Amino acid sequence: MVTTVLFFLLAGVAIACAGLTVYYRNPLYSALSLIGVFISLAVLYLTLAAPFIAITQILVYAGAIMVLVVFVIMLLNLDEERPLNRLKHLYFIGGGLGAAMLAQAFFIFYAVLKTPKHVVDTESNAGSTMSIGTHMYTEYLLPVEIVGVMLLMAIIGAVMLVRKDTHASLEAAAEKETND
Amino acid sequence: MEPGLENYLALSGILFAIGAVGVVYKRNAIGMFMCIELMLNAVNLSFVAFSRYYADVTGQLFVFMVMAVAACEAAVGLGIIIAFFRNRISVDVDDASILKH
């Protein structure tokens with residue numbers, strides 16, 4: 001009973017915050033509403049008996065990614081998005097896309113509702129940090145390694161993207177190297 | 001008593017739809033980026049819900065992978081946004097309509 005009340009409360013908060021993320025024109029307000037979505041989803045993960053994922057959600061999303069986003073917004077000193085009068089007719093297409101996606105969501109809701117009830121195994125220890133670690137380093141070792149390589153690539157890519165050196169100075173440096 | 005699987009999937013679908021509309025609606029590159037994060041989170045929610053209802057830890061492992069992808073995306077995406085801002089003094093995606101700088 002408590003879980004059901006908590007679910008609807010958190011679902012309401014998540015949907016409201018997600019709507020505000022799209023609604024606000026000021027990117028900083030959007031970012032703060034998005035943090036609300038992340039935190040309510042983290043609490044939902046706790047009710048789904050996934051404490052490890054809940055903590056990771058707070059650490060990685062609310063902690064690292066959103067701090068980076070807010071940092072960039074402040075660094076670039078972005079102002080509010082101005083409304084655009086050109087392309088007004090395209091709002092209908094966006095709204096239609098959203099309606100189609102919502103219809104899909106409710107079709108899934110209906111389809112799952114039709115299937116026989118699945119009994120939740122409350123005794124299962126799936127989701128404990130122990131079981132996640134065991135599976136991660138035995139059965140799913142290869143994906144974990146691939147993710148490690150991908151993170152390395154992202155670090156190198158990010159550093160290469162924002163470095164100040166222009167192409168010309170890089171070539172000059174390479175030429176100097178060969179001459180020495 | 002717990003809410004059924006269908007409730008979680010409906011919430012996930014609604015959040016995904018809001019994120020998808022946001023990507024279409026926003027013109028600010030950072031706003032689009034945040035809406036993409038919202039869509040990734042919606043998918044994560046359905047992964048965790050399935051993991052709970054089928055007592056299988058695989059779903060949560062894939063949530064972990066999605067989070068790693070999101071972290072990479074944040075690093076590289078924000079790097080691109082900053083590089084773009086340096087050239088154009090704007091993060092409006094309408095200004096990114098030509099390939100040559």
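Residues that are touching a residue at least 40 places away in the same chain (Cβ under 8 Å) and either facing another protein chain (nearest Cβ under 7 Å) or in contact with a strand residue (DSSP E or B) (Cβ under 8 Å, 6 or more places away or on another chain) (or both) do occur in the range A:77-100, at least one of them. When you look at residue A:158, is it under 27 Å from residue B:72 (Cβ atoms), in contact with a helix residue (DSSP H, G or I) (Cβ under 6 Å, 6 or more places away or on another chain) and either part of a helix (DSSP H, G or I) or in the same structural domain as residue A:51 (by TED's automatic domain parsing) (or both), yes or no? Taking the combined requirement at face value, the residue satisfies it. A single entry from B:39, B:65 fulfils the requirement of being modelled with pLDDT of 90 or more, open to solvent by 30 Å² or more (accessible area, probe 1.4 Å), in a helix (DSSP H, G or I) and of a type outside the set (D, E, K, R): B:39. Residues that are more than 21 Å from residue A:48 (Cβ to Cβ), more than 9 Å from chain B (Cβ to nearest Cβ) and not aliphatic (A, V, I, L, M) were ranked within the range A:126-147; the one that is least open to solvent (accessible area, probe 1.4 Å) is A:138.
I'd like to know if the range B:58-67 contains one or more residues that are under 29 Å from residue A:4 (Cβ atoms), hydroxyl-bearing (Ser, Thr, Tyr) and more than 8 Å from every other protein chain (Cβ to nearest Cβ). Within the range B:58-67 (the criterion being under 29 Å from residue A:4 (Cβ atoms), hydroxyl-bearing (Ser, Thr, Tyr) and more than 8 Å from every other protein chain (Cβ to nearest Cβ)), the answer is no, since none of the residues qualifies. Please indicate, with yes or no, whether at least one residue in the range A:40-49 is open to solvent by less than 30 Å² (accessible area, probe 1.4 Å), in contact with a Lys or Arg (Cβ under 7 Å, 6 or more places away or on another chain) and not assigned by TED's automatic domain parsing to the domain that holds residue A:128. Within the range A:40-49 (the criterion being open to solvent by less than 30 Å² (accessible area, probe 1.4 Å), in contact with a Lys or Arg (Cβ under 7 Å, 6 or more places away or on another chain) and not assigned by TED's automatic domain parsing to the domain that holds residue A:128), the answer is yes, since at least one residue qualifies.
State yes or no: is residue B:52 facing chain A (nearest Cβ under 7 Å), under 12 Å from residue A:22 (Cα atoms) and among the charged types (D, E, K, R)?
Details: facing chain A (nearest Cβ under 7 Å): yes; under 12 Å from residue A:22 (Cα atoms): no; among the charged types (D, E, K, R): yes.
No; evaluated as a whole, the condition is false for this residue.
Within the range B:1-31, track down each residue that is more than 7 Å from chain A (Cβ to nearest Cβ) and in contact (Cβ under 8 Å) with a residue 60 or more places away in the chain. B:29, the sole residue that qualifies.
Evaluate the following for residue A:38: is it without any contact (Cβ under 8 Å) to a residue 40 or more places away in the chain, more than 26 Å from residue B:82 (Cβ to Cβ) and in a helix (DSSP H, G or I)? It is false that residue A:38 is without any contact (Cβ under 8 Å) to a residue 40 or more places away in the chain, more than 26 Å from residue B:82 (Cβ to Cβ) and in a helix (DSSP H, G or I).
The values are calculated or read from the model by the stated rules, or taken from the named source; none is laboratory data. Note that the structure is predicted; figures quoted are calculated from it, not measured. Cβ sites come from the backbone with ideal geometry, for glycine too, and all protein chains shown count toward neighbours. Side chains included, ligands, DNA and RNA excluded: accessible areas come from the protein's heavy atoms. Shrake-Rupley method; radii C 1.70, N 1.55, O 1.52, S 1.80 Å.
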